[in-house]
Amino acid sequence: MVSKEMKRMIKMLKQLNRIAVKKRLEDIRNAQEQMGAIGEMSKDIIFKEIMVNGISSVWISTPGVTKDQVVLYLPGGGYIQGSMNMHKDLASRISRASKSRVLMIDYRLAPENPYPAALEDSVTAYKWLIDNKGINPKSIVISGDSAGGGLTAATLLKLRDIGIVLPAAAILLSPWTDLDITGDSVRSKRRIDPLIGASALFFDADLYIGDNDPKNPYISPLYGDLKGLPPLLIQVGSAELILDDSTRFAEKAKSAGVEVTLDVWEDMVHVFQVFAAWAPEGKQAIEKIGEFIQKHIKEELQII
């Protein structure tokens, strides 16, 4: 039996751990906000902040967009951070390339709001576009990066399972689809990925998952039944720690009869598209994203 003295020590250690986690989260979130402030946005971009059923969100439009053609964008950040400021440049470039409006949502984050909060918010936003704004589901594409990419896949599974019409397509940028962290690339790429460390993956996953099963498909879509999903574009860098989250997910989706375009960029880092303002690879990748969105929305609308 554990002594009273040891119980007090354990209690104190847990308290110290909570303090350390809180401080680490503050530092991470502040750093991402500062990164989001770097660089100037083009003057022709329109940002309109709105609330989507209580979720802070922003409409992003560029010249020539089709009003009723929408990309629902879910920003990444390991489910513990997710600065819309950090992703405004990327989202605006996707708007320009696809000639679509972008709705980016600030979904709730762990540990304050662990699973299923983020999934609830993404589903709410999708339904809001259809029910409140009258957008045809076949004129919607869902997209996200990193955790937002995994959340995109989880959202598709949830929408399918509750009987809601799925979007025309989805785009997953360096998606985190396995929060059980079993991919071989976590080990094989650990010395070449400059952005993500294995310890960070486990830290983020623990805060988001809580007491739930990490293999729950709504947490880790890799373990789900992927039948019936819309066409997918998956972009990932070959230097990424979670490369296998993309390659395994793509293989499983193809086996389930899903149309998948797996686009692996040699030596690229995690979510390299966010560096489009400085690197040509990011610009080229976003051009492909725009072409994919326009192609599949047009195809779906022609079927209707």
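Some points to look at:
- Selection from region 161-206 of residues that are within 18 Å of the chain's Cα centre (by Cα) and among the charged types (D, E, K, R): D178, D180, D204, D206
- Note on region 87-125: residues that are more than 26 Å from I209 (Cβ to Cβ) and either outside any loop (DSSP other than H, G, I, E, B) or among the acidic types (D, E) (or both) total 15.
- Candidates are the residues of region 135-155 that are more than 12 Å from the chain's Cα centre (by Cα) and touching a residue at least 60 places away in the same chain (Cβ under 8 Å); the one that is surrounded by the fewest Cβ atoms within 10 Å (Cβ to Cβ) is N136.
- Residues in region 255-269 that are hydrophobic (A, V, I, L, M, F, W, C) and assigned to a loop (DSSP other than H, G, I, E, B) were compared, and the one that is surrounded by the fewest Cβ atoms within 10 Å (Cβ to Cβ) is A256.
- Hits in region 166-185 - residues which are farther than 14 Å from I297 by Cα and either of a type in the set (A, V, I, L, M) or free of Cβ contacts under 8 Å to residues at least 40 places away in the same chain (or both): L172, L173, L179, I181, T182
- Check on I234, under 14 Å from the mean Cα position of the chain (by Cα), buried (at least 19 other Cβ atoms within 10 Å of the Cβ) and among the aliphatic types (A, V, I, L, M): yes
- Against the list (1) assigned to a helix (DSSP H, G or I); (2) out of contact with any strand residue (DSSP E or B) (no Cβ under 8 Å at 6 or more places or on another chain); (3) surrounded by fewer than 24 Cβ atoms within 10 Å (Cβ to Cβ); (4) not hydroxyl-bearing (S, T, Y), the condition W128 fails is (2).
- Flag if T177 is touching a Phe, Trp or Tyr at 6+ places or on another chain (Cβ under 7 Å) and buried (at least 24 other Cβ atoms within 10 Å of the Cβ): yes
Taken together, the values in this text are just the output of simple stated rules run on the coordinates, not laboratory data. None of these values were measured; they are calculated from a predicted model. Positions of Cβ are generated from backbone atoms using ideal geometry, with glycine treated the same way; all protein chains shown enter the neighbour counts.
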